[in-house]
Amino acid sequence: MSIPATEAHEASYRAREVPEPAQVVPGVWAVPIPLNGHALRSITVFLAETRDGPVLIDAGYAHSSCWAAFQAALAVIGHRIETIRAVLLTHNHPDHVGFADRVRAASGATVAMGRADDFATVRVDRGGFLEQLRRSLDLTGAPAPVTDAMYTEALDVAKHHESLSLDVLLSAEQEFDFGDVTIRAVPAPGHTYGHTVFLDSRGVLFTGDTMMAEGPTQLAIVSRPADDPAGDLLATLDHLAGLGAAIACPAHQFPYEHVATRAAELRAFHAAEVEQVRALADEGATAWTIAPRLTWKKPWELLGPGTRRFALMHTLALLRHVQRTR
């Protein structure tokens, strides 16, 4: 169990409410952005105050309600969008990159993200998200009517703009110096192939979707022969455990302490998932035959279509790692 860094933030999460902006440590603000009508309820972006100006970590959805909520929250904590120096994006999912371009247009901020998540790079290497999803579904071994239905259902929720251009593409660890504060970009693949976490010199680690306070990490979509997001995540968690961070700030749930302990706990969980799949992966096994035999929040037959699709993608990633490590 993770130790909350801010009790009010955790209490709001437990109550399924959107918390107010809160200071995690002096100079670092958690700014929850409501996601109206979304099961996640909110995403938390973070504002790191520095002598050179505030730095934003992640940027919510592109929806106008998210932009308005962000502007209002900034006013509450005493900042203006025009002063933002940089936007550091953990990964390329739509609830993280949404209004980055609007911040840059208003402030001239530098926008940075992992090269493997850069939309222009991804289009060349993998194709668009929906192309990747189609290939991944076909790799699961599920019957065509099932994969067709899953793909069609995903069109309503997974299609998003993939046009954001970056000023800085990150492919290795890199430090950003903002006067009195240094923020180190650390590649952390697993949830996506270009996922990056950011370590603030005040001991705060912005973890994006790699390491929540509770629950598992959703693995990246497998769409190419070399893809192994489960292996990537296990290595990432080993690395994050050794960074020496005092507080983790994930994009969902709540900030928490004892970061290395949480990394080890999460690694053990996913390693156990791998071993469970390994035990089921007899000759001819597919993600489709294995997924119903794994443990989910609900029995397989009770999972909704979207949740079942996520579970199937996750199983495929686990199976891929088993196949690569035999």
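The values are calculated or read from the model by the stated rules, or taken from the named source; none is laboratory data. Just so we're clear, the structure is a prediction, and the values are computed from it rather than from any experiment. Neighbour counts are summed over all protein chains in view; Cβ atoms, including those assigned to glycine, are modelled from backbone coordinates with ideal geometry. SASA here: full protein model, heavy atoms, side chains in, ligands and nucleic acids out. Shrake-Rupley method; radii C 1.70, N 1.55, O 1.52, S 1.80 Å.
Find the helices (runs of 4 or more DSSP H) located wholly in segment 41-125 whose residues include 1 or more that are more than 30 Å from Asp227 (Cα to Cα), open to solvent by less than 40 Å² (accessible area, probe 1.4 Å) and among the β-branched types (Val, Ile, Thr), and list them. Let's see the steps before the verdict.
Working: elements: 64-77, 94-97, 100-107, 119-125.
Of the helices (runs of 4 or more DSSP H) lying wholly inside segment 41-125, those with at least 1 residues that are more than 30 Å from Asp227 (Cα to Cα), open to solvent by less than 40 Å² (accessible area, probe 1.4 Å) and among the β-branched types (Val, Ile, Thr) span 64-77, 100-107.
With respect to Arg326, determine if the residue is within 23 Å of Asp238 (Cβ to Cβ), among the basic types (Lys, Arg) and in contact (Cβ under 8 Å) with a residue 40 or more places away in the chain.
On the way: within 23 Å of Asp238 (Cβ to Cβ): yes; among the basic types (Lys, Arg): yes; in contact (Cβ under 8 Å) with a residue 40 or more places away in the chain: no.
No; evaluated as a whole, the condition is false for this residue.
Quick check: anything in segment 179-186 part of a loop (DSSP other than H, G, I, E, B) and open to solvent by less than 20 Å² (accessible area, probe 1.4 Å)?
yes
Can you spot a residue in segment 161-170 that is within 18 Å of Leu133 (Cβ to Cβ), surrounded by fewer than 22 Cβ atoms within 10 Å (Cβ to Cβ), at pLDDT below 95 and not acidic (Asp, Glu)?
Taking segment 161-170 as the starting set, the residues that turn out to be within 18 Å of Leu133 (Cβ to Cβ) are 161-162.
Right, trim to surrounded by fewer than 22 Cβ atoms within 10 Å (Cβ to Cβ) and you get 161-162.
So of that shortlist, the ones also at pLDDT below 95 come out as 161-162.
Add one more test, that the residue is not acidic (Asp, Glu), and what stays is 161.
Yes, some residue in segment 161-170 is within 18 Å of Leu133 (Cβ to Cβ), surrounded by fewer than 22 Cβ atoms within 10 Å (Cβ to Cβ), at pLDDT below 95 and not acidic (Asp, Glu).
Residues are listed down the side, and each one gets a yes or a no for (1) modelled with pLDDT of 95 or more; (2) touching a Ser or Thr at 6+ places or on another chain (Cβ under 9 Å):
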{"residue": "Ala62", "(1), (2)": "no, no"}
{"residue": "Cys66", "(1), (2)": "no, no"}
{"residue": "Ile81", "(1), (2)": "yes, yes"}
{"residue": "Ala86", "(1), (2)": "yes, yes"}
{"residue": "Leu89", "(1), (2)": "yes, yes"}
{"residue": "Val97", "(1), (2)": "yes, no"}
{"residue": "Ala100", "(1), (2)": "yes, no"}
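What are the residues in segment 47-91 that are among the β-branched types (Val, Ile, Thr) and touching a residue at least 40 places away in the same chain (Cβ under 8 Å), if any? Steps first, please.
Narrowing segment 47-91 to residues among the β-branched types (Val, Ile, Thr): 50, 55, 57, 76-77, 81, 83-84, 87, 90.
Answer for segment 47-91, where residues must be among the β-branched types (Val, Ile, Thr) and touching a residue at least 40 places away in the same chain (Cβ under 8 Å): Thr50, Val55, Ile57, Val76, Ile77, Thr90.
Would you point out which residue out of Glu257, Glu265 is touching a residue at least 12 places away in the same chain (Cβ under 8 Å) and either in contact with a strand residue (DSSP E or B) (Cβ under 7 Å, 6 or more places away or on another chain) or acidic (Asp, Glu) (or both)?
Working: Glu265 fails: touching a residue at least 12 places away in the same chain (Cβ under 8 Å).
Step by step, each of Glu257, Glu265 is checked, and only Glu257 is touching a residue at least 12 places away in the same chain (Cβ under 8 Å) and either in contact with a strand residue (DSSP E or B) (Cβ under 7 Å, 6 or more places away or on another chain) or acidic (Asp, Glu) (or both).
Going by the conditions given, is Gly231 surrounded by fewer than 16 Cβ atoms within 10 Å (Cβ to Cβ) and among the small types (Gly, Ala, Ser)? Outline the logic, then answer.
On the way: surrounded by fewer than 16 Cβ atoms within 10 Å (Cβ to Cβ): no; among the small types (Gly, Ala, Ser): yes.
No: the conditions fail for Gly231.
Hey, can you tell me all the residues within segment 1-39 that are among the small types (Gly, Ala, Ser), more than 22 Å from Phe99 (Cβ to Cβ) and either in a strand (DSSP E or B) or at pLDDT 90 or above (or both)?
Scanning segment 1-39 gives a single hit, Gly27.
Return the total of residues in segment 198-228 being buried (at least 23 other Cβ atoms within 10 Å of the Cβ), more than 20 Å from Ser171 (Cβ to Cβ) and of a type in the set (Asp, Glu).
1
Are any residues in segment 149-177 outside any helix (DSSP H, G or I) and β-branched (Val, Ile, Thr), and if so, which ones? Can you show your working first?
Pass one, segment 149-177, residues outside any helix (DSSP H, G or I): 159-177.
Passing the criteria: only Val168.
Mind checking whether some residue in segment 240-251 is within 24 Å of Leu137 (Cβ to Cβ), at pLDDT 95 or above and open to solvent by 10 Å² or more (accessible area, probe 1.4 Å)? Outline the logic, then answer.
Our first condition is that a residue be within 24 Å of Leu137 (Cβ to Cβ); within segment 240-251, this holds for none.
No, segment 240-251 contains no residue that is within 24 Å of Leu137 (Cβ to Cβ), at pLDDT 95 or above and open to solvent by 10 Å² or more (accessible area, probe 1.4 Å).
Which of the residues that make up segment 189-230 are of a type in the set (D, E, K, R) and part of a loop (DSSP other than H, G, I, E, B)? Outline the logic, then answer.
Step one: of segment 189-230, the residues of a type in the set (D, E, K, R) are 200, 202, 209, 214, 224, 227-228.
Of everything in segment 189-230, those that are of a type in the set (D, E, K, R) and part of a loop (DSSP other than H, G, I, E, B) turn out to be Arg202, Asp209, Glu214, Arg224, Asp227, Asp228.
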